[in-house]
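To start, the structure under review is shown below, and the notes come after it.
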Amino acid sequence: MIRTWIRKLLPNSEQLDAIPILRRYKSLFDHPNLWAINRRSVAGGVAAGLFCGLIPGPFQVIGSLLWVFVAKVNLPVAILVTFYTNPLTIVPLYLFAVAYGQLLLGGLPGDAPIQHAPDFSLIDMSGYLHALLDWTLSLGPALAVGLPATMCTFALLGYLFVRISWSSTIRMAVIRRRRRQIK
């Protein structure tokens with residue numbers, strides 16, 4: 001079963017104790033929901049990852065860790081889902097957030113002119129990040145409204161998607177089991 005296979009991949013208490021930095025925070029990592037594979041915990045982890053994935057800068061994983069420790073949801077899922085944003089996807093996601101913000105502010109998406117996004121450069125990563133920050137700041141109020149709204153919308157949709165798909169999978173399994181029992 002998939003659950004058993006996933007549980008084998010997750011670290012146990014002894015493996016966490018082997019990491020010196022984590023020993024100090026063992027009480028935080030010991031909560032069973034952080035490693036639970038159930039619909040509530042996984043859906044919460046997806047929501048945390050989707051929300052925190054849009055946090056600007058390198059604070060996405062830290063944000064998802066804070067969410068996980070407060071809400072007691074699945075830690076590995078939350079961290080993995082934050083990586084849906086990367087240097088290639090962040091610009092389209094922020095453009096979507098700007099359009100969403102313009103729509104929420106009463107305008108139509110595309111009303112305000114948007115500067116051309118900086119070209120991705122693996123060679124000059126610091127220059128790219130600086131240009132990306134300047135470009136982000138130039139987007140103004142539409143981004144200030146649209147980014148938190150997008151974060152909340154993605155988190156809610158992700159949470160609902162996992163809960164509904166998990167429940168429908170269970171319902172389908174029950175229906176199949178009942179059909180087999182009738183035959």
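None of the figures in this text is laboratory data; all of them are computed from the coordinates on show. Fair warning: this is a prediction, and the values are worked out from it, not measured in the lab. Cβ sites come from the backbone with ideal geometry, for glycine too, and all protein chains shown count toward neighbours.
Peptides 137-149, 63-75, 171-183 ordered by packing proxy, namely the average of other Cβ atoms within 10 Å per residue, highest first: 63-75, 137-149, 171-183. Taking 7 Å steps out from each Cα toward its Cβ at S27 and R179 produces label points 5.2 nm apart.
Bin by bin, in steps of 10 Å, what percent of the Cα pairs in the chain do you find, going until the bin that has the longest distance? Result returned by the calculation: 9, 27, 28, 21, 11, 3, 1.
Calculated on the alpha-carbon coordinates, the convex hull of segment 14-101 measures out at 110 cubic angstrom per residue.
Remark: relative contact order (the chain) = 23 percent; criterion is Cα-Cα distance under 8 angstrom and separation of 6 or more residues.
Placing a pseudo-label 7 Å from each Cα along the Cα-to-Cβ vector at W166 and C152 gives an inter-label distance of 2.4 nm.
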